[in-house]
Amino acid sequence: VTRVLPEDEAALRRSTGDVLIIPSCCDAMRRAGDLLAAEFPGRVARPTIPRMHDARGVHAFARTLDLLQAWLRDHAAAEGGIGPGPDTAADTWLRGEPGDDGCFIYATPPRPRGIFVLSGPLSDASFVAFLEELGATVSGVDSCTSPDRSVQLAALDAVADLEQLAEGLLTSIVCPRRSSSDRAAHLTQRWDECAPSAVIYARQSFCD
């Protein structure tokens, strides 16, 4: 957030046609959204991601996505289009490929019986690379910026129905702010998939 926030602010100051979407998930994102929305009224959207993955949460999130779609449509009509086009860093991130946005891919394919890294947002693969330099095998990473998450999100690219999209996003985005039972089930599934022998919990300041 500390790296992206000044970049977003500079982009909004450069062009009156640019808008920004900040999902209100963790506290850091919420605070960033509040600050930028106060500075740039009407140009910052802050969609809320529900904590519970149940029928009510899915329906509420689908409604949020519908409102977000309308908000973007209104801005596009007023400004004659928004953004630099389809080939953007966001698309690169969704495909799970390395890019200037800081998303990373595994240097070596994950293997069982190694270390499972549980962390907040990682801006690059340096921590994973450090573990491998120490001789450890990495079995997987659970982070909101991990390659596994990017692949899950990319699979939703063709989903048009907002209820299905909301369901898919809530299935993929299981960050610590979600309900404890959902989070526990997600981590159990990831443990079974990766079959590690140990876990490193990379605790980061100010991350939920």
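The values are calculated or read from the model by the stated rules, or taken from the named source; none is laboratory data. The structure displayed is predicted, hence computed values, not measured ones. Here the Cβ positions follow ideal geometry from the backbone for every residue, glycine too, while neighbour counts run over all protein chains shown. Accessible surface is based on the protein model in full, side chains and every heavy atom, while ligands, DNA and RNA are left aside. Shrake-Rupley method; radii C 1.70, N 1.55, O 1.52, S 1.80 Å.
Observations
- Whole-Å distance, taken between Cα centres, linking region 1-36 and region 140-204: 24 Å
- Where region 100-208 is the region considered: accessible area per residue in Å², 1.4 Å probe: 54 Å²
- Å² per residue, accessible surface of region 11-71 at 1.4 Å: 57 Å²
- Surface composition of region 134-208: carbon plus sulfur atoms hold 56% of the accessible area, using a 1.4 angstrom probe and ignoring ligands, DNA and RNA.
- Computing FRET efficiency as 1/(1 + (r/R0)^6) for Arg111 and Asp157, where r is the C-beta to C-beta distance and R0 is 25 Å, gives about 0.30.
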